[in-house]
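First comes the structure, then the notes that go with it.
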Amino acid sequence: MEENKKVLLSVENLDVVFKQNGNEFKAIDNVSFNVYEGETLALVGESGSGKTTIGRAIVRINPCTNGAIYYRGEKISGKLSHEKDREVVRKIQMIFQDPAASLNERATIEYIISEGLYNFHLYENEEDRMAKINRAIDDVGLLPEHLTRYPHEFSGGQRQRVGIARSIVMEPEFIIADEPISALDVSIRAQVLNLLKKFQRERGLTYLFIAHDLSVVRFISDRIIVLYKGRIMEVAETEELFHHPMHPYTRSLLSAIPIPDPLIEKKKKTFVYDPEKMHDYSKEEPALADIGHGHLVFGSPSEIEKYKAKRER
Amino acid sequence: MSENAKRDVLLSLKDVEVKFNVRGRYLTAIRGVSLDIYDGESLAIVGESGSGKSVLTKTFSGMLDSNGTISAGSITLYDKALSDSEIDLTNLKKASEWQKIRGRRIATVFQDPMTSLNPILTIGKQMCMVIEKHQRCSGEEAKARAIDIMRKVGIDNPEKRFDDYPFMYSGGMRQRIVIAIALSCRPKILICDEPTTALDVTIQTQILDLIKELQRELDFTVVYITHDLGVVANVAERVAVLYAGQIVEIGTVEEIFFDPRHPYTWALLSSLPQLSVKGEDMYSIAGTPPSLYNKITGDAFAPRNKYAMAIDTVAEPPMFKVSETHYAKTWLLDPRAPKVEPPENIRNLHEKMLAGYVDYSEEDY
């Protein structure tokens, strides 16, 4: 089914290396994946797995050490022309985890939402700008009277709506949402997720959804990439991954999700990932390989054979 | 839980009300809570932010912010090991009086282990400080005890890691140390305020298992504060649901998950992502909680409750008894109320969860 989908963004052999005091740390190690138009792709993994680093490499906050990133076939990593740079900034927007920390607390909501429009002159006149702002405010369920207020006057959920409004007003095609709901309460979480889904339906947006809460990821995403220590361990469509996780790390991650049912949860056994004991890479080199069903797993040739057999059973 | 009939009451809150003075205006954060906490049990307090979960436990850990006061009610701690076997904690005013309780009888583990540890002191130093202060022992002995506890909470090679600083530990290891410090004085009650929210899921399970294991071994009571119903299902024997500063429903964990009676509990369960259907909107509770600056008449949840009746806007419902262990504060339980079934999506919750459950620890799933 992937053949008839259009590739929007493609990450090829990406390495991100951080240098500090002469020490090198490879945060991202040879990561390649495609994002298809209109889909929601989730990046999951524990803290330190590199999921945020990948998101930040795409919007060029973190430079790529090796490899390249292509958007609609054109390279957007490394040095770009001024026009290209502006185009990419406008089309790829980001929503951050902590809405309190990502909004300028000295600016009114009107200014925060307008800032992108000002920077890119995306309005014909004052009237047009206000019309755009009012539409964005209305889309995220805030009221016109909120425009003159400051971020601290809002609740966490409302602030995240402001964060969404200011990215939506740029009319982006691709949104990177970095843990957009982790700081929110259960009931508000649902409202924000529904809002993101609504925009996707209405405008055909593509999302890269970075999260660690797998029960929410299961609900919102079409495909999932599992990261561990800067490498891709497994890629599959959401239900395929939840029903047939192959890599032991994915299994450990899925088995740790708490089930909101005391009868199941109190008896549940978790599966623990122990890379030292579970893999023997002394003779064979591991790599990401296709096991069918649009499902990629990281492993040595003999492991991949085992995974294939297990998947077909 | 029927075992509670045999267990002794350790802490008893009666009609507790907490007010905060916020720039001259009064906010009533806790509006008349009565709750018995039993010796050795695991109680979870759930609710959304601002419902008063943390404030409620701070009334008995002596950590209320300075602008907050317990304006009504009593909190009695029963403990035979104390010189007075019954102490009303609301009478404690001086810091020196609290020091006999806080840490020694009632200890707290907070959400973020980085902020509860001192970044410029070694782990060992911080542990010894607590042990020396509360157990009156010398340096060498305190160190031996600290290393013993570190081993107990699962720190490998404790002798070597004793002189490490907090930043050299991972998040999960830091939380283990915080738990070790909290337990070093053998408290009767351990309050865990969102103990795993800042941690990864795989680490979360380990920390919860550790608390449960230590509870079995050292026999203390745990009060969990959390908004994650998955964590509640894992750890709790009893659950209290808090809304706008009141307990709206309390019962055993099975009663709350499989036989909930309060519309707010229904709404909380309906918000579970596991119950959402892909392609449809996720359930969300309409509206926002009421402002606690104003006096609330009737049922605080009524404006957001589609099952609300005329009486809900006029009179506050009492606690209705459902079973020996199960109470709910809603007029729907009044004999005169029309019969209302819980929403379809949370009926047969266990069957629904079981249907979607895969045991990943088995080789064949």
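Listed values, structure above:
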item	result
Count - residues of region B:156-193 that are touching a residue at least 24 places away in the same chain (Cβ under 8 Å), hydrophobic (A, V, I, L, M, F, W, C) and outside any strand (DSSP E or B)	10
Residue in region A:158-168 that is out of contact with any Phe, Trp or Tyr (no Cβ under 8 Å at 6 or more places or on another chain) and part of a loop (DSSP other than H, G, I, E, B) present	no
Enumeration of residues in region B:99-128 that are modelled with pLDDT of 90 or more, hydrophobic (A, V, I, L, M, F, W, C) and not in a strand (DSSP E or B)	B:L117, B:I120, B:L121, B:I123, B:M127, B:C128
Residue selected from region A:169-201 under the condition assigned to a helix (DSSP H, G or I) and β-branched (V, I, T), by the criterion nearest to the other protein chains (Cβ to nearest Cβ)	A:V186
Conditions (1) surrounded by 11 or more Cβ atoms within 10 Å (Cβ to Cβ); (2) under 21 Å from B:S34 (Cα atoms): number failed by B:S85	(1)
Residue selected from region B:333-365 under the condition of a type in the set (K, R) and surrounded by fewer than 14 Cβ atoms within 10 Å (Cβ to Cβ), by the criterion nearest to the other protein chains (Cβ to nearest Cβ)	B:R347
Pair list, Cβ under 7 Å, 6 or more apart: region A:27-39 residue in contact (Cβ under 8 Å) with a residue 60 or more places away in the chain, other residue among the aromatic types (F, W, Y)	A:A27/A:F18
Which listed residue is in the same structural domain as A:I28 (by TED's automatic domain parsing), under 19 Å from A:G48 (Cα atoms) and not hydrophobic (A, V, I, L, M, F, W, C), from A:R189, A:R231, A:R166	A:R231
Any pair with Cβ under 9 angstrom, 6 or more apart, that starts in region B:280-294 at a residue that is more than 7 Å from chain A (Cβ to nearest Cβ) and ends at one that is assigned to a loop (DSSP other than H, G, I, E, B) and of a type in the set (V, I, T)	B:P290/B:I296
Subset of region B:213-245 that is within 13 Å of the chain's Cα centre (by Cα) and closer than 13 Å to B:L183 by Cβ - its residue that is nearest to the other protein chains (Cβ to nearest Cβ)	B:V222
Criterion violated by B:R304 - all others in (1) within 17 Å of B:W266 (Cα to Cα); (2) touching a Ser or Thr at 6+ places or on another chain (Cβ under 9 Å); (3) more than 14 Å from every other protein chain (Cβ to nearest Cβ) satisfied	(3)
Region A:241-270, subset polar (S, T, N, Q) and in contact with a Phe, Trp or Tyr (Cβ under 7 Å, 6 or more places away or on another chain), residue farthest from the other protein chains (Cβ to nearest Cβ)	A:S252
Within region A:235-274, considering residues that are more than 15 Å from A:V44 (Cα to Cα) and in contact with a Leu (Cβ under 7 Å, 6 or more places away or on another chain), the one surrounded by the fewest Cβ atoms within 10 Å (Cβ to Cβ)	A:I264
Near pairs, Cβ below 9 angstrom, 6+ apart or cross-chain, from region A:134-152 (in the same structural domain as A:V169 (by TED's automatic domain parsing)) to any residue that is among the acidic types (D, E) and outside any helix (DSSP H, G or I)	A:Y150/A:E105; A:P151/A:E105; A:H152/A:E105
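The values are calculated or read from the model by the stated rules, or taken from the named source; none is laboratory data. Remember, predicted model here, so these are calculated numbers, not experimental data. Don't worry about glycine lacking a Cβ; one is built from the backbone with ideal geometry, like all the others, and counts go over all protein chains shown.
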